[in-house]
Amino acid sequence: MKAAYYERQGKASDVLKLGDFPVPQPGPGEVRIRIHTSGVNPSDIKARTGFSSAPMFPKVIPHQDGAGVIDAVGPGVTPTRIGERVWLFEAQYRRPFGTAADYAVVPASQAVLLPDHVAFEVGACVGIPALTAHRCLFADGEINGNAILVQGGAGAVGTAAILLAKWAGAWVAATVSTPEQEDAARRAGADLVINRRADDVAAIVKSETAQRGVDRIVEVSLRDNLDVDMRCLANGGVISSYAVETAADEVSVPLLKAMIEGSTFRFVYIYTVPASAKAAAVSAISRCLADGAYVPTIGMRVALDAIVEAHEAQETSRVIGKIIVKPSP
Ligand SMILES: NC(=O)c1ccc[n+]([C@@H]2O[C@H](COP(=O)([O-])OP(=O)(O)OC[C@H]3O[C@@H](n4cnc5c(N)ncnc54)[C@H](OP(=O)(O)O)[C@@H]3O)[C@@H](O)[C@H]2O)c1
């Protein structure tokens with residue numbers, strides 16, 4: 001099969017290559033997927049550049065997320081799954097070979113039925129962003145009727161958070177930094193979109209929530225936004241922080257205010273979310289997909305042999321929306 005791979009960490013143009021690999025065989029409890037679309041995430045860039053760890057394998061096929069059709073199953077998996085359209089997640093977590101290839105093999109539970117009416121391109125955008133957004137939103141209970149603030153509402157996780165929160169019946173405010181991002185956040189369904197560079201986010205959120213504030217904040221940069229978040233958060237509210245700028249990032253919490261307000265700080269790292277919570281997320285996301293309510297923005301599509309371009313676009317954040325890569329037609 002054709003695949004993109006790297007043998008050392010470094011710049012995309014220096015280390016990413018294309019090559020031929022044997023078609024992988026599914027082991028016990030695994031399925032093999034003929035990949036239709038592979039989704040790029042910042043996590044793939046961080047793995048390739050050594051953001052927080054050295055490589056675990058001598059040869060890596062990148063990308064955690066993707067979508068395609070199951071074409072083989074290993075021992076212990078029902079053969080009725082062959083032919084199933086699926087989205088897959090964590091394909092390259094603690095494994096060397098991800099979805100930037102004609103085929104990928106994952107544990108059967110990581111290949112999830114994709115409804116017939118949902119395109120593979122959408123399926124490839126689900127994994128990391130939707131699972132992360134779900135954990136941030138729902139780890140502290142249902143959100144129907146709640147007010148939510150999504151900081152960075154045009155990002156992949158931010159958009160997923162808007163989509164899932166709207167689907168679940170919440171009122172959603174989102175911050176953006178450009179008119180193009182504002183369009184993306186509105187398309188996802190945000191009720192209120194605020195330009196965080198031009199406007200007073202906290203004043204607007206408080207005014208739009210009758211001074212009560214929001215119940216949950218899905219936070220892409222706690223380091224930058226803690227002060228604004230504390231001003232936006234309702235009594236008993238939760239801030240879910242899922243990203244850092246550097247591996248050494250730290251924040252200083254205003255303890256007395258947080259105590260008086262009964263605030264909860266939640267930290268989310270998708271790979272270590274408990275299995276039961278991840279299974280609940282997969283189930284909820286599947287219902288959202290089936291309802292036709294998971295419609296991410298796709299900002300860039302490239303063929304597998306242009307994977308360097310896709311990685312460079314992801315790391316410079318110049319594309320609004322998900323970046324997807326198509327293996328061989
Ligand atoms: N913990 C986890 O499990 C987990 C899971 C997924 C992603 N992540 C991390 O989360 C980050 C975002 O991932 P992504 O896939 O959503 O990336 P993305 O699609 O590139 O989106 C990032 C968004 O964040 C916005 N942003 C940046 N700084 C901001 C700030 N100070 N306030 C508000 N918005 C801000 C950006 O807008 P501007 O153009 O305005 O900067 C952009 O819209 C990455 O660092 C990624 O590694 C972590």
>> If I go through segment 11-40 residue by residue, how many of them are of a type in the set (Gly, Ala, Ser) and out of contact with any Gly (no Cβ under 8 Å at 6 or more places or on another chain)?
In response: 3
>> Tell me yes or no: at least one residue of segment 142-149 is more than 23 Å from ASP71 (Cα to Cα), in contact with a Leu (Cβ under 8 Å, 6 or more places away or on another chain) and surrounded by fewer than 24 Cβ atoms within 10 Å (Cβ to Cβ).
In response: yes
>> Can you report the number of residues in segment 227-273 which are more than 13 Å from the ligand (Cβ to nearest atom) and part of a loop (DSSP other than H, G, I, E, B)?
In response: 7
> Does segment 303-328 hold any residues that are away from the ligand (no atom under 13 Å from the Cβ) and within 20 Å of ILE33 (Cα to Cα), and which are they?
Replying inline: ALA303, LEU304, ASP305, ILE307, VAL325, LYS326, PRO327, SER328
> Counting only residues that are under 20 Å from ASN146 (Cα atoms) and surrounded by fewer than 19 Cβ atoms within 10 Å (Cβ to Cβ), how many does segment 237-266 have?
Replying inline: 6
> Does at least one position in segment 71-81 carry a residue that is among the aliphatic types (A, V, I, L, M) and within 21 Å of the chain's Cα centre (by Cα)?
Replying inline: no
>> Among (1) part of a helix (DSSP H, G or I); (2) buried (at least 16 other Cβ atoms within 10 Å of the Cβ), there is one condition GLY299 misses while meeting the rest; what is its number?
In response: (1)
> Among ARG212, ARG196, which is within 13 Å of the ligand (Cβ to nearest atom), over 18 Å from CYS288 (Cβ atoms), in contact (Cβ under 8 Å) with a residue 40 or more places away in the chain and surrounded by fewer than 24 Cβ atoms within 10 Å (Cβ to Cβ)?
Replying inline: ARG196
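Given the criteria over 17 Å from ALA280 (Cβ atoms) and touching a helix residue (DSSP H, G or I) at 6+ places or on another chain (Cβ under 8 Å), does PRO107 qualify?
The answer is no for PRO107.
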> modelled with pLDDT of 95 or more, buried (at least 18 other Cβ atoms within 10 Å of the Cβ) and among the charged types (D, E, K, R) - does that describe any residue in segment 272-289?
Replying inline: yes
>> Anything in segment 42-71 that is at negative phi, part of a loop (DSSP other than H, G, I, E, B) and out of contact with any Phe, Trp or Tyr (no Cβ under 9 Å at 6 or more places or on another chain)? List them, or say none.
In response: PHE51, SER52, SER53, ALA54, MET56, PRO58
>> I'd like to verify a number: residues in segment 301-325 that are hydrophobic (A, V, I, L, M, F, W, C), over 19 Å from ASP14 (Cβ atoms) and under 16 Å from the mean Cα position of the chain (by Cα), how many?
In response: 4
> On the given criteria, is ILE285 in contact (Cβ under 8 Å) with a residue 12 or more places away in the chain and either touching a His at 6+ places or on another chain (Cβ under 9 Å) or under 15 Å from VAL126 (Cα atoms) (or both)?
Replying inline: yes
> Taking only pairs six or more apart or across chains, which ones have beta-carbon atoms under 6 Å, a first residue in segment 163-177 that is under 13 Å from VAL218 (Cβ atoms), and a second residue that is of a type in the set (Lys, Arg)?
Replying inline: VAL172/LYS166; THR175/ARG196
> When you go through (1) touching a residue at least 24 places away in the same chain (Cβ under 8 Å); (2) within 13 Å of the ligand (Cβ to nearest atom); (3) outside any helix (DSSP H, G or I) one by one for GLU180, which number turns out not to apply?
Replying inline: (3)
> Checking PHE21 against (1) at pLDDT below 95; (2) farther than 29 Å from SER276 by Cβ, which single condition isn't satisfied?
Replying inline: (1)
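The values are calculated or read from the model by the stated rules, or taken from the named source; none is laboratory data. On a predicted model such as this, the values are computed, not experimentally measured, just so you know. Don't worry about glycine lacking a Cβ; one is built from the backbone with ideal geometry, like all the others, and counts go over all protein chains shown.
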